[in-house]
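The block underneath contains the structure these notes are about, expressed in structure tokens.
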Amino acid sequence: MAVRDEIRAALEEQQEPVPQGWLNVAGAAEYLSMPEGALRTAYRRGQIPVHRTATGGIRFRRDELDAFATAGDQI
């Protein structure tokens, strides 16, 4: 992803409210105690389920992150 696209995605994530039980990239990375770059790599490889918002933002369900962390697949 180009730097411009990453900046655009980050701005969109900041503007959209995150419903309870869902996390944006920064929140998910903090929740899993991993760098945002490693989290992005994991979801691009299909290791972590990711959901897109109507405007293209990225969201993670907390229960899916829990399953990822307890399965021993964490990077």
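Per-residue 3J(HN,Hα) values for the range 30-39, derived from phi via the Karplus relation 6.51 cos²θ - 1.76 cosθ + 1.60 with θ = phi - 60°, read 5, 4, 8, 6, 9, x, 4, x, 5, 5 Hz in sequence order (x marks Gly and Pro). For THR53, the residues whose modelled amide H falls within less than 5 Å of its own, excluding neighbours fewer than 5 places apart on the same chain, are ILE58, ARG59.
Since every read-out is calculated from the coordinates, none of them should be taken as a lab result. Remember, it's a predicted structure, so these values are computed and weren't measured experimentally.
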